[in-house]
Every structure is written in structure tokens, then in C-alpha cells.
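Down below is the structure, laid out as C-alpha cells.
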Amino acid sequence: MDKVARILSILLGLTVLNGASAVELELSKDSDVVGQARVIIAEYEDTFIKLARQYNLGFEELTQANPTVDPWLPGEGTEIVLPTHFVLPKTPRQGIVINLPELRLYYYPDGESGRVITHPISIGRMDWATPLGRAEIISKALNPTWYPPESIREEHAADNRPLPKVVPPGPDNPLGKHAMRLSLPGYLIHGTNKPSGLGMRVTHGCIRMFPEDIEALFEDVPIGTPVRIVNQPYKLGWTNDGFYLEAHPPLDEQTEDEAWTMTELTRAFVAATGEGQGGVFSWDLAEGVALRSLGIPEFIPSTSLVVRTQ
């Protein structure tokens with residue numbers, strides 16, 4: 001997790017929630033792309049950790065979008081791109097969708113139409129990977145008690161940081177003040193008592209959120225809400241102008257080479273167009289976007305527009 005990298009966009013349509021910016025956007029049946037780009041000018045005391053919390057972004061998102069900027073000392077007057085222009089994951093627009101390579105959660109409170117609310121997340125590190133698959137919210141806990149698994153207690157003990165068998169609610173509880181249990185045994189969507197690391201692969205597999213984000217989600221999401229956890233490093237979206245490709249670094253345990261990249265790009269193209277027939281796609285440009293992996297939708301022209309098959 002030591003990628004120092006990139007940044008360039010934010011949406012018009014931010015709503016303020018408990019002092020932070022919650023990204024809430026209108027959906028369109030005619031487009032897979034939501035949000036708009038915006039650049040801010042850094043002030044002297046800014047860091048990416050501070051800006052991430054302020055604009056409801058993850059640390060890794062900011063570094064990927066701003067590859068030439070020092071995340072710890074951007075410098076007064078430096079242009080910072082806020083990555084809040086999104087291609088929606090290729091899944092049904094229902095419930096909660098978590099795209100692991102993107103380190104981002106999407107919530108569709110109204111289903112296929114209406115709104116999408118999106119937040120940055122932390123996920124499991126490589127040796128504690130967050131699982132893929134379908135689940136649902138089976139319970140919610142306010143001020144939860146944490147019962148750390150024996151494997152986590154053993155890891156802490158090996159680092160001379162012993163954990164008790166039970167961690168009560170309070171400032172030392174890493175679950176924060178809100179937790180939602182998934183039907184995947186042992187996995188939660190929860191808050192944190194250390195928000196400065198949000199937006200990285202640092203957890204033991206659970207989905208971690210800013211305290212203000214999980215509080216809002218906790219209030220809005222009913223028990224029984226479906227949850228889809230997907231692995232889509234390359235998301236190809238359609239607008240009336242053509243394609244936009246949003247690329248993220250693949251998960252660490254994957255092998256990234258030219259053949260793998262082209263396979264994943266082809267999968268994204270087919271998902272976006274049905275069988276991908278009816279248009280000419282600029283594969284060379286798409287491969288360049290994938291290799292840069294800035295996490296920002298980039299326009300991919302086509303010589304003729306593809307007729308989408310729903």
C-alpha cells in the first residue's frame with residue numbers, strides 16, 4: 001500500500017452530512033457515468049488524509065488520481081484532483097454494491113432509478129482478503145461489542161499488542177459506534193476509531209467506513225438489504241458521447257500483465273455493450289488508461305457508436 005499517485009475530479013451535487021461531504025447522485029437509464037470533475041487548490045496545511053475526510057474520499061483514491069503530488073505535503077497552491085467522477089459498477093442497481101479494487105461502496109436506495117449514494121471504504125489486506133459474492137444485511141448494532149477472532153488475537157499477541165477476548169463499546173473499539181453484520185459469517189460493515197487510514201487495504205476482511213458515513217448508512221439501510229461484493233478493476237461506462245473507462249490497480253494477489261489486462265478490458269467491453277457488436281472501440285487508448293490506473297473516468301472514442309443491448 002505504498003503507491004504514491006494521482007487525483008482529478010469531484011461531483012457537482014455534494015450534500016453535507018454531519019460535517020462531511022456525502023456524494024449523492026441522480027441515476028440515468030441512458031448513462032453509466034455519474035458525477036463531474038473538479039480541481040481544488042491546496043492550502044499550506046493540507047494533506048491527503050485531511051482532504052480525504054473533508055471531501056469523503058479515500059487516501060488511495062487521492063494518491064492514484066494525483067501521481068505527481070506528495071500526499072503528505074502537497075504544497076500551497078498545488079492543484080489537487082478530487083476523484084468523484086464515477087463509472088457505475090456493472091451490477092444490478094439494487095441495495096449495496098462494493099467494488100473491491102475501487103475501495104468504494106455504492107448504495108442504491110431507490111433501486112434502478114432515483115439516486116446512488118457512494119462512500120470510500122477500507123477493505124481486507126492481502127493476507128486477510130475481503131471475500132467476493134452476494135450477501136445481505138442480517139443485523140445492525142449501535143455501540144457494538146467486538147469479539148475478536150482467535151486468529152486476530154494471535155496476530156496481536158505476536159506483535160506484543162495483546163487483545164482481550166471482549167472489547168466493549170467505547171473509544172478503544174475498532175468497530176466504532178455502528179456495525180452492520182453480513183450473512184457472510186464473520187464479516188461486517190462498520191465504522192472505525194481511527195479514520196485516518198480510511199481508503200486503504202488495512203482491515204482483517206471487514207468493510208470499514210468513516211464514522212459519519214456508516215452512521216448515515218446505518219440509519220437508511222434496512223435489514224435484509226442485498227449486498228454484492230465484486231472485483232471490477234476496469235469499469236466501462238456509456239454516455240451519449242461514447243465510452244468512459246475508469247481503471248483501478250488490480251487486487252495485489254492478481255497477476256497483472258498485458259494478456260490479463262486485455263482479457264479484463266474485453267470483459268468490461270462486453271458487459272457494457274452486450275456482445276460488443278456494432279462499434280469500433282479504441283483498444284490502444286483503453287489499454288493506456290488501464291496501465292495508468294488513475295481511478296478517473298477517461299473518454300475512449302469510437303468511430304461508430306455501439307447500440308446497447310439491455
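Values in this text are rule-based calculations from the coordinates and carry no lab data. Predicted, not measured: the structure shown is a model, and the values here were computed from it. Here the Cβ is made from the backbone with ideal geometry for all residues, glycine too, and neighbour counts use every protein chain on show.
The amide H of Val23, built 1.01 Å from its N in the peptide plane, has Thr118 as neighbours under 5 Å, considering only residues 5 or more places off or on other chains.
The modelled label-to-label distance between Ile41 and Ile223, using points 7 Å beyond Cα along the C-beta direction, is 5.3 nm.
Contact order normalised by length for the chain, with contacts defined as Cα pairs under 8 Å and 6 or more residues apart; what percent is it?
Details: 747 pairs, mean separation 60.3, N = 310.
Normalised by residue count, the contact order of the chain is 19 percent.
As a rough footprinting exposure proxy, the listed residues Met262, Met209, Met200 were ranked by other beta carbons within 10 Å of their own, and the order from fewest upward is Met262, Met200, Met209.
For Ala135, the shell of other residues with beta-carbons less than 11 Å away shows a net charge of +2, using +1 for Lys and Arg and -1 for Asp and Glu. Centroid-to-centroid, using Cα positions, the stretch 201-240 and the stretch 142-159 are 23 Å apart. A straight chain from Trp128 to Asp110 at 0.36 nm per residue would run longer than the Cα-Cα distance by 3.2 nm. Computed from backbone phi with θ = phi - 60° and the Karplus coefficients 6.51, -1.76 and 1.60, the 3J(HN,Hα) list for the stretch 102-113 is 7, 6, 8, 10, 10, 10, 10, x, 10, x, 5, 10 Hz; x is used for glycine and proline.
Residues whose amide H comes within less than 5 Å of that of Asn99, counting only those at least five positions distant or on another chain, are Arg104, Tyr106, Val230 (H built at 1.01 Å from N in the peptide plane). Within the straight-line cut-off of under 19 Å between alpha carbons, the lysines reachable from Lys235 are Lys29, Lys90, sequence neighbours fewer than 8 places apart in one chain being disregarded. The chain has equivalent-ellipsoid semi-axes of 32, 22, 19 Å, by the square roots of 5 times the alpha carbon gyration tensor eigenvalues, sorted largest first.
The simple spin-label model puts a point 7 Å past each Cα toward its Cβ; for Glu150 and Glu136 those points are separated by 3.2 nm.
Which angle between 0 and 90 degrees, to the nearest 10, do you get for helix 283-292 versus the longest principal axis of the chain when only C-alpha atoms count? Result, in degrees: 30.
What does the net charge come to around Pro162 if you take all other residues with beta carbon closer than 12 Å to its beta carbon, with K and R at +1 and D and E at -1?
My count for the surroundings of Pro162 gives 0.
For Phe299 and Asp172, what does the FRET efficiency come to when R0 = 51 Å and r is the distance between their Cβ atoms, rounded to the nearest 0.05? Efficiency for this residue pair is about 0.60.
Do any GluC sites (Glu not before Pro) in the stretch 47-136 lie in a loop, going by DSSP, with at most 15 other beta-carbon atoms within 10 Å of their beta carbon, and if so which? Can you show the working numbers first?
Numbers: sites: Glu60, Glu61, Glu76, Glu79, Glu102, Glu112, Glu136; in loops: Glu76, Glu102, Glu112.
Counting only loop positions with at most 15 other Cβ atoms within 10 Å, the GluC sites (Glu not before Pro) in the stretch 47-136 are Glu76, Glu112.
Ordering of 27-34, 161-168, 89-96, 39-46 by packing is 89-96, 27-34, 39-46, 161-168, highest average first (other Cβ atoms within 10 Å, averaged per residue). Between amide H atoms placed 1.01 Å from N, distances below 5 Å from Gly191 occur with Lys177, His178, Met209, all of them 5 or more places distant or on a separate chain. Local charge sum around Gly224 (other residues, Cβ-Cβ under 15 Å, Lys/Arg +1, Asp/Glu -1)? Surrounding charge for Gly224 is +2. Evaluating 6.51 cos²θ - 1.76 cosθ + 1.60 at θ = phi - 60° for every residue in the stretch 215-232, the Karplus couplings come out as 4, 5, 5, 4, 6, 8, 8, x, 4, x, 4, x, 10, 10, 10, 10, 10, 10 Hz, glycine and proline recorded as x. Straight Cα distances below 25 angstrom link Lys165 to the lysines Lys140, Lys177, Lys194, with same-chain residues fewer than 8 positions distant left out.
Starting from the Cα-Cα distance between Lys50 and Ser196, subtract it from 0.36 nm times their residue separation and give me the gain in nm to one decimal. Let's see the in-between values first.
On the way: separation 146, 0.36 × 146 = 52.56 nm, distance 0.81 nm.
Roughly 51.7 nm would be gained on extension.
Applying 1/(1 + (r/R0)^6) with R0 = 45 Å to the Cβ-Cβ distance of Ala158 and Met262, what FRET efficiency is obtained, to the nearest 0.05?
Working: r = 42 Å, r/R0 = 0.93.
According to the calculation, E is roughly 0.60.
Compute the relative contact order of the stretch 14-87 as a whole-number percentage, counting only Cα pairs closer than 8 Å that sit 6 or more residues apart in sequence.
Values: 108 pairs, mean separation 29.0, N = 74.
Rounded, it is 39 percent for the stretch 14-87.
Using a Gaussian network model of the chain in which every pair of alpha carbons under 10 angstrom is joined by a spring, one finds that among Thr145, Thr203, Thr263 the greatest mean-square fluctuation is at Thr263.
Tell me the mean residue ellipticity at 222 nm calculated for the chain from its helices only (DSSP H runs of n ≥ 4, each -39500 (n - 2.57), averaged over every residue, nearest 500).
Working: 6 runs with 60 residues, N = 310.
Mean residue ellipticity, 222 nm, calculated: -5500 deg cm²/dmol.
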